[in-house]
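Some notes on the structure that comes next.
The values are calculated or read from the model by the stated rules, or taken from the named source; none is laboratory data. Given the structure is predicted, the values throughout are model-derived calculations rather than measurements. Neighbour counts run over all protein chains shown; Cβ positions are idealised from the backbone, glycine included. Side chains included, ligands, DNA and RNA excluded: accessible areas come from the protein's heavy atoms. Shrake-Rupley method; radii C 1.70, N 1.55, O 1.52, S 1.80 Å.
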Amino acid sequence: MSAVAHFRRWIARNGAFAAGLLIPLVIAYGAALKAHMKRSSSPFVFNEDVRQQIFPFFQYHEAGLFPHDYFGPYFRACFLPPGYRALYRFGAIVADPAGISKVLPYFLLVATVIAVAVAARPLAGYFGALLAAALVVQSDILLDRMVGGLPRAFAFPTLALTATALVWGRPRLLAGIVCASASFYPVAAVPGAIALMLWLFVLPARDRGEAANWCFARRTRLAIVTASISALILLPMLVGARAYGRTLGPSDVIEYPEIANGGRYGTETIVPPFETFPKAAFELARRLFTPVGEPWLKNVREWAKTRAQSGTNSNGDVVLELVTVALLVGGVLVVTQGPAGRRFFLLGAAAWLGHLAARWLAPYFFLPQRYVMYPVPILLVVLIPAAGAAIGAQLSSRRLTTLGHRVGVIAIAAMVLLPFGGRGSRDAGLNVDVKSQQRLYNFLGHLPKDVMIAGWPTDVDNVPYVSRRQAFITYELHQAFHQGYADEMRRRMRALIDAYFATDQGALKRLRDEFGVTHLVFRQSRLGKPPHYFEPFSACIQKAFENGRGKGFEIQRQVDAAMVFSDGPLVVLDLRRLSTP
């Protein structure tokens, strides 16, 4: 048979599978996705993290923006991998980066849906593939992390492809995925790389798929090539980060309380103590079973919320316990029934090992929580149908294995989707809505491109992204991963505190003349009580506030002379118009 005929047969066979997969998903979840897209299309509705990782690309789309910006070069050098950076830098030539960041997540969601379906198909058949795809779309966990088109948006599709390569036994495909992951989101590359090592050097030959007959030298060569290419891809980030000082770690907690528990990073800390992998994975699994969107059957969801008897778990808790048992039993059966299942579980082992490495080597493998947040949902959405299929096949007679396979998938789908499923989220990841402040951001956006705008960090968080003007310091941009950058943030924050609660013009003039700040966004309520900020700034804020309350705040005395805009509680002062006492 000719190559053309083979290609046509492949298209016909897989095209039917794709159509049979996507059409039901569009019917079931299309309305919610359409509503999500409509909400996302507003320039004033977005994910909070675009304020630090998308605005650095605006200057490639519009000349003259951010001429003296300190933040953009830092984030491009230290947090935006080379492949991701190239995508947005060249994309900015033809399209607005903000627009790219709003459209990209939906393409990545489709890629994830297809990848998990392809991974689930050998383990659970067509119905299992459809269930895995439905679990991706109906949960808000995956879309929540994809919205914004940030580097982390590539984690789920690349890990879904990792699962696909493992199940289908394609080590060279996995090696390519690891390299691509390093280029777009290195955290997702680590579990794939560990899984590849386990596959090549721990699994017995009969379980290695295409690598079953490979000699040790050939397996070693693939491992070395993969590691070398990944290292070369990451080298620019490692070199670029050196310009901002050494990486802060657990030994720096006393000197830099910003990185301590309850500091800048809250619960997602970069210093011990960390949650164990099983505990974090279980908490994430419970979130996967949290109902999202309009229920399929309202009566069933209401039934799941009610308690079976006084003082006992709710019906939903009982069902969830049954699902947990099914996953444990089914997982064992998946492992024992064939090499594909054993290779698939390498992803779970790799995620656990990556989490341990991130804890032991913090912060050089980044936040340990990320090794739970991204691999575990992919593991679950594939394992659920695979476990159902394995249990169904085990309980049926040999002649009815295929039927039992399908019945098992349908049974576990009913257990998962009817009590806990929904028609999908309409606002996942869209956690910032500044429509009420459009007048302020439009005013700031019409100022000259070389202005620099200061204000309390949380009050000007949106200025670089929405107004596309330089900010002096914002909460989102205030990071503490590198010593030099953290020191500069301290210098700016202390200058801002001095100016905001100043009792004379000196600190305001210093903000203008030394730092180049041209405008100050002022909120009257900030002078009613000391505003909150993380350590080590609390004492400095309290002292400056008490001094200003006793002597009178200079910023209030300058409103009449320097105010150029007001909207409710927010006032914009032009520091070039300060009045002389």
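Test Leu418 against the criterion of being under 16 Å from Thr324 (Cβ atoms), in contact (Cβ under 8 Å) with a residue 12 or more places away in the chain and assigned to a helix (DSSP H, G or I), and give yes or no.
no
Within the group Gly83, Gly72, Gly64, which residue is over 18 Å from Ala155 (Cα atoms), among the small types (Gly, Ala, Ser) and not in a loop (DSSP other than H, G, I, E, B)? So that I can check it myself, show each step before the final result.
On the way: Gly83 fails: over 18 Å from Ala155 (Cα atoms); Gly64 fails: not in a loop (DSSP other than H, G, I, E, B).
Gly72 is the lone residue from the list that is over 18 Å from Ala155 (Cα atoms), among the small types (Gly, Ala, Ser) and not in a loop (DSSP other than H, G, I, E, B).
Restricting the first residue to the stretch 118-137 and requiring it to be surrounded by fewer than 24 Cβ atoms within 10 Å (Cβ to Cβ), which pairs with a second residue that is charged (D, E, K, R) and at pLDDT below 95 meet a Cβ separation below 6 Å and a spacing of at least six or different chains?
Hits for this filter: Phe127/Arg406.
For the stretch 336-345, give me the residue count where each residue is open to solvent by less than 20 Å² (accessible area, probe 1.4 Å) and among the basic types (Lys, Arg). Walk me through it before giving the result.
Step one: list which residues in the stretch 336-345 are open to solvent by less than 20 Å² (accessible area, probe 1.4 Å), which gives 338, 341, 343-344.
In the following step, the residues that additionally are among the basic types (Lys, Arg) were identified as 343.
Number satisfying all stated conditions: 1.
Determine whether Thr290 is of a type in the set (Ser, Thr, Tyr), closer than 28 Å to His36 by Cα, loosely packed, with under 15 Cβ neighbours inside 10 Å and out of contact with any Leu (no Cβ under 9 Å at 6 or more places or on another chain). Outline the logic, then answer.
Values: of a type in the set (Ser, Thr, Tyr): yes; closer than 28 Å to His36 by Cα: yes; loosely packed, with under 15 Cβ neighbours inside 10 Å: yes; out of contact with any Leu (no Cβ under 9 Å at 6 or more places or on another chain): yes.
Answer is yes for this residue.
Residue under question is Met493, and the condition is that it be over 30 Å from Asp140 (Cα atoms), modelled with pLDDT of 95 or more, touching a Phe, Trp or Tyr at 6+ places or on another chain (Cβ under 8 Å) and assigned to a helix (DSSP H, G or I); does it hold? Quick ask: steps written out before the conclusion?
Numbers: over 30 Å from Asp140 (Cα atoms): yes; modelled with pLDDT of 95 or more: yes; touching a Phe, Trp or Tyr at 6+ places or on another chain (Cβ under 8 Å): yes; assigned to a helix (DSSP H, G or I): yes.
It is true that Met493 is over 30 Å from Asp140 (Cα atoms), modelled with pLDDT of 95 or more, touching a Phe, Trp or Tyr at 6+ places or on another chain (Cβ under 8 Å) and assigned to a helix (DSSP H, G or I).
Where residues in the stretch 53-92 are open to solvent by 50 Å² or more (accessible area, probe 1.4 Å) and of a type in the set (A, V, I, L, M), which of them is farthest from Pro186 (Cα to Cα)?
Here the answer is Ala63.
So which residues in the stretch 527-563 are in a helix (DSSP H, G or I), more than 20 Å from Gln479 (Cα to Cα) and open to solvent by 50 Å² or more (accessible area, probe 1.4 Å), if there are any at all? Break it down stepwise before answering.
The initial filter retains those residues of the stretch 527-563 that are in a helix (DSSP H, G or I), namely 527, 538-551, 554-557, 559-562.
Checking the rest, the ones that are also more than 20 Å from Gln479 (Cα to Cα) come to 527, 542-551, 554-557, 559-562.
Within the stretch 527-563, Gln542, Lys543, Glu546, Asn547, Arg549, Gly550, Lys551, Gln556, Arg557, Asp560 meet the criteria.
Would you pick out the residues in the stretch 522-581 that are in contact (Cβ under 8 Å) with a residue 40 or more places away in the chain, of a type in the set (Asp, Glu) and under 21 Å from Arg439 (Cβ atoms)?
Result: Asp567, Asp574.
Based on what the data block shows, is Ala480 surrounded by 22 or more Cβ atoms within 10 Å (Cβ to Cβ), among the aliphatic types (A, V, I, L, M) and closer than 21 Å to Asp574 by Cβ? Steps first, answer last, please.
Numbers: surrounded by 22 or more Cβ atoms within 10 Å (Cβ to Cβ): yes; among the aliphatic types (A, V, I, L, M): yes; closer than 21 Å to Asp574 by Cβ: no.
So Ala480 fails the test.
Being of a type in the set (A, V, I, L, M, F, W, C) and without any contact (Cβ under 8 Å) to a residue 24 or more places away in the chain is the filter; apply it to the stretch 93-109 and report the residue that is least open to solvent (accessible area, probe 1.4 Å). First the steps, then the outcome.
From the stretch 93-109, those of a type in the set (A, V, I, L, M, F, W, C) are 93-95, 98, 100, 103-104, 107-109; that's our starting set.
Keeping just the survivors that are without any contact (Cβ under 8 Å) to a residue 24 or more places away in the chain gives 94, 107.
Numbers: Val94: 125, Phe107: 142 Å².
Here the residue is Val94.
Determine which single condition Val517 fails, assuming it passes every other condition in (1) at pLDDT 95 or above; (2) open to solvent by 30 Å² or more (accessible area, probe 1.4 Å); (3) part of a loop (DSSP other than H, G, I, E, B).
(2)
When you go through Arg406, Arg399, Arg423 one by one, which is the residue that is over 25 Å from Thr276 (Cβ atoms), among the charged types (D, E, K, R) and surrounded by fewer than 17 Cβ atoms within 10 Å (Cβ to Cβ)?
Working: Arg406 fails: surrounded by fewer than 17 Cβ atoms within 10 Å (Cβ to Cβ); Arg423 fails: surrounded by fewer than 17 Cβ atoms within 10 Å (Cβ to Cβ).
Testing whether each residue is over 25 Å from Thr276 (Cβ atoms), among the charged types (D, E, K, R) and surrounded by fewer than 17 Cβ atoms within 10 Å (Cβ to Cβ) leaves just Arg399.
Limited to the stretch 428-457, what total is found for residues that are within 30 Å of Met37 (Cα to Cα) and touching a residue at least 40 places away in the same chain (Cβ under 8 Å)? Talk me through it step by step, then tell me what you get.
Filtering the stretch 428-457 for residues within 30 Å of Met37 (Cα to Cα) gives 428-446, 457.
In the following step, the residues that additionally are touching a residue at least 40 places away in the same chain (Cβ under 8 Å) were identified as 428-435, 437-441, 443-444, 457.
Of the residues in the stretch 428-457, 16 are within 30 Å of Met37 (Cα to Cα) and touching a residue at least 40 places away in the same chain (Cβ under 8 Å).
It is to be established whether one or more residues within the stretch 332-341 are under 25 Å from Ile27 (Cβ atoms) and either in contact with a Leu (Cβ under 7 Å, 6 or more places away or on another chain) or of a type in the set (Ser, Thr, Tyr) (or both).
First pass over the stretch 332-341, keeping only residues under 25 Å from Ile27 (Cβ atoms): none.
No, there is no match, as no residue in the stretch 332-341 is under 25 Å from Ile27 (Cβ atoms) and either in contact with a Leu (Cβ under 7 Å, 6 or more places away or on another chain) or of a type in the set (Ser, Thr, Tyr) (or both).
Scan the stretch 426-436 for residues that are over 23 Å from the mean Cα position of the chain (by Cα) and surrounded by 18 or more Cβ atoms within 10 Å (Cβ to Cβ) and report the count.
Residues of the stretch 426-436 over 23 Å from the mean Cα position of the chain (by Cα): 435-436.
Still in the running and surrounded by 18 or more Cβ atoms within 10 Å (Cβ to Cβ): none.
Within the stretch 426-436, residues that are over 23 Å from the mean Cα position of the chain (by Cα) and surrounded by 18 or more Cβ atoms within 10 Å (Cβ to Cβ) number 0.
Rundown of residues vs (1) closer than 18 Å to Phe534 by Cα; (2) touching a helix residue (DSSP H, G or I) at 6+ places or on another chain (Cβ under 6 Å), yes/no style:
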position: His478; (1), (2): yes, yes
position: His482; (1), (2): yes, yes
position: Glu488; (1), (2): yes, no
position: Arg510; (1), (2): no, no
position: Val517; (1), (2): no, yes
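So Ser251 passes all but one of these: (1) part of a loop (DSSP other than H, G, I, E, B); (2) without any contact (Cβ under 8 Å) to a residue 12 or more places away in the chain; (3) not aliphatic (A, V, I, L, M). Which condition number does it fail?
(1)
Does the stretch 158-183 hold any residues that are within 24 Å of Leu104 (Cα to Cα) and either open to solvent by 10 Å² or more (accessible area, probe 1.4 Å) or not in a helix (DSSP H, G or I) (or both), and which are they? Reasoning before the result, please.
Going residue by residue through the stretch 158-183, those that are within 24 Å of Leu104 (Cα to Cα) are 158-165, 173-174, 176-183.
Once the filter is applied, which keeps residues that are within 24 Å of Leu104 (Cα to Cα) and either open to solvent by 10 Å² or more (accessible area, probe 1.4 Å) or not in a helix (DSSP H, G or I) (or both), the stretch 158-183 yields Thr158, Leu161, Thr164, Leu173, Gly176, Ile177, Cys179, Ala180, Ser183.
Looking at Leu284, Leu333, Leu328, which one is of a type outside the set (D, E, K, R), surrounded by fewer than 13 Cβ atoms within 10 Å (Cβ to Cβ) and within 24 Å of Ala133 (Cβ to Cβ)? Show your work before the answer.
Numbers: Leu284 fails: surrounded by fewer than 13 Cβ atoms within 10 Å (Cβ to Cβ); Leu333 fails: surrounded by fewer than 13 Cβ atoms within 10 Å (Cβ to Cβ).
Exactly one of Leu284, Leu333, Leu328 is of a type outside the set (D, E, K, R), surrounded by fewer than 13 Cβ atoms within 10 Å (Cβ to Cβ) and within 24 Å of Ala133 (Cβ to Cβ), namely Leu328.
Here is a list: Lys543, Lys551. Which entry is at pLDDT 95 or above, more than 23 Å from Val451 (Cβ to Cβ) and not hydrophobic (A, V, I, L, M, F, W, C)? Give the derivation first.
Numbers: Lys551 fails: at pLDDT 95 or above.
Only one candidate qualifies: Lys543.
Name the residues in the stretch 247-267 that are open to solvent by 60 Å² or more (accessible area, probe 1.4 Å) and over 18 Å from Gln369 (Cα atoms), would you?
Kept after step one, since they are open to solvent by 60 Å² or more (accessible area, probe 1.4 Å), are these residues of the stretch 247-267: 251, 254-255, 261-262, 267.
Residues satisfying the conditions are Ser251, Ile254, Glu255.
Mind listing just one residue for me: the one in the stretch 439-458 that is part of a loop (DSSP other than H, G, I, E, B) and touching a Ser or Thr at 6+ places or on another chain (Cβ under 9 Å) and, of those, surrounded by the most Cβ atoms within 10 Å (Cβ to Cβ)? Lay out the reasoning, then the answer.
Step one: of the stretch 439-458, the residues part of a loop (DSSP other than H, G, I, E, B) are 446-451, 456-458.
Okay, now just the ones that are also touching a Ser or Thr at 6+ places or on another chain (Cβ under 9 Å), so 446-448, 450-451, 457-458.
On the way: His446: 9, Leu447: 17, Pro448: 8, Asp450: 14, Val451: 16, Pro457: 22, Thr458: 15.
So the residue we want is Pro457.
Among the residues of the stretch 295-316, are any open to solvent by 20 Å² or more (accessible area, probe 1.4 Å), in contact (Cβ under 8 Å) with a residue 40 or more places away in the chain and over 30 Å from His405 (Cβ atoms)?
no
Given the condition open to solvent by 30 Å² or more (accessible area, probe 1.4 Å) and not hydrophobic (A, V, I, L, M, F, W, C), answer yes or no: does some residue in the stretch 190-200 qualify?
Checked the stretch 190-200: no residue is open to solvent by 30 Å² or more (accessible area, probe 1.4 Å) and not hydrophobic (A, V, I, L, M, F, W, C).
Among the numbered criteria (1) touching a residue at least 24 places away in the same chain (Cβ under 8 Å); (2) out of contact with any Phe, Trp or Tyr (no Cβ under 6 Å at 6 or more places or on another chain), which one does Pro368 miss?
Pro368 satisfies all of (1) touching a residue at least 24 places away in the same chain (Cβ under 8 Å); (2) out of contact with any Phe, Trp or Tyr (no Cβ under 6 Å at 6 or more places or on another chain) except (2).
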